[in-house]
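Data block below; observations after.
The values are calculated or read from the model by the stated rules, or taken from the named source; none is laboratory data. All values reported here derive from a predicted model rather than from experimental measurement. Heads up, the Cβs are rebuilt from the backbone with ideal geometry, glycines too, and the neighbour counts pull from every protein chain shown. Each accessible area value is taken on the protein alone, full model and side chains, heavy atoms only, with ligands, DNA and RNA left out. Shrake-Rupley method; radii C 1.70, N 1.55, O 1.52, S 1.80 Å.
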Amino acid sequence: MELVSEAIAFAVKAHDGMRRKNGQSPYILHPIEAAVIVGTMTDDQEIIASAVLHDVVEDTDITINEVEKNFGKRVKELVECETEDKRADMPPAESWRIRKEESLEVLKNASDIAVLMVWIGDKLANMRAIYREWKIKGDSMWKKFNQKDVKEQAWYYTTIAKYTSRLSNYSAWLEYKTLTEIVFKKGV
C-alpha cells in the first residue's frame, strides 16, 4: 500500500490546519474516511489514493499537475473527476447550482467505475456527517451550508445515488442510498 501511504502523507500536509464545516474535526479525517469506504469496494491502490486526494485540488493550493507528477495520470484523472471549479469570482452560494450541475454531468458520463467509487467514498462520508448532525438539529442544520434549501440538497444527493447505481451491489452504495432516503424523507 505504498501509493496509499504516500497519498495519505501528501493529503495530511495539504490539508494541514483545515477543519470540517462543523469546525471541530480535522479536515484530513474526511478524505481518510472516503478512502476507507473506497477500500470496501476495491483494493486498487490508485482508486484508494484518489479518494484520499479527492479534495486537495479543490480545497488547497495543490494543482492537478502536482497530483499527476506525484501519483500518475490515472490518479490525476480520478481526482479531476471529483474536483469542482469553485469560481473564485462568484460567492459560493451563487455558484452552488452551477458547480453541482457540472459535477453531476461528469458523474453521469463516467464510464470508469473507479470514478463512481471515488464519488461514493466522498459523498457517503459527507452523508454520514450530515445524518449525524441532522439527527440533532433537523433541517435547521442546512443553515451553515452554501446551499441552504433542503430541496436543492435533496436534488443533488439523490441524483448522485441515481448516477452511481452501478455500484448497487456494494454496501457503501446501499448505505449512501439509505441515508439520503432518511435525511431527505423520500425514496431515491
| With the chain treated as a Gaussian network of Cα nodes joined by springs under 10 Å, which of Asp55, Asp139, Asp89 yields the largest mean-square fluctuation? | Asp89
| field | Heavy-atom accessible surface of the chain: percent carbon and sulfur, 1.4 Å | value | 50 percent
| field | Sequence-distant residues sharing a close amide H with Arg19 (under 5 Å, placed H) | value | Tyr27
| Taking a label point 7 Å from the Cα of Val36 along the Cα→Cβ vector, which residues of region 54-97 have an amide N closer than 18 Å to it? | 54-55
| task | Pop the C-beta distance of Val12 and Ser168 into the FRET formula with R0 = 30 Å and round what comes out to the nearest 0.05. | result | 0.35
| note | For the chain the mean separation of alpha carbon contacts under 8 Å (6+ apart) over residue count, i.e. relative contact order in percent, is 20 percent
| Gaussian network model of the chain, springs between alpha carbon atoms under 10 Å - residue of Ala11, Ala93, Ala110 with greatest fluctuation | Ala93
| query | Between region 104-159 and region 44-64, what is the C-alpha centre distance in whole Å? | reply | 18 Å
| query | For the chain, what does -39500 (n - 2.57) per DSSP helix run (n ≥ 4), summed and divided by total residues, give at 222 nm, in deg cm²/dmol to the nearest 500? | reply | -20500 deg cm²/dmol
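Please report the relative contact order for region 1-105, taking Cα pairs under 8 Å with a sequence separation of at least 6, and give it as a percent rounded to a whole number.
Numbers: 114 pairs, mean separation 23.7, N = 105.
Over region 1-105, the number comes to 23 percent.
Averaged per residue, what accessible area in Å² does region 14-129 show with a 1.4 Å probe, protein chains only? Present the calculation step by step, with values, prior to reporting the outcome.
Working: 5340 Å² over 116 residues.
In whole numbers, region 14-129 has 46 Å² accessible per residue.
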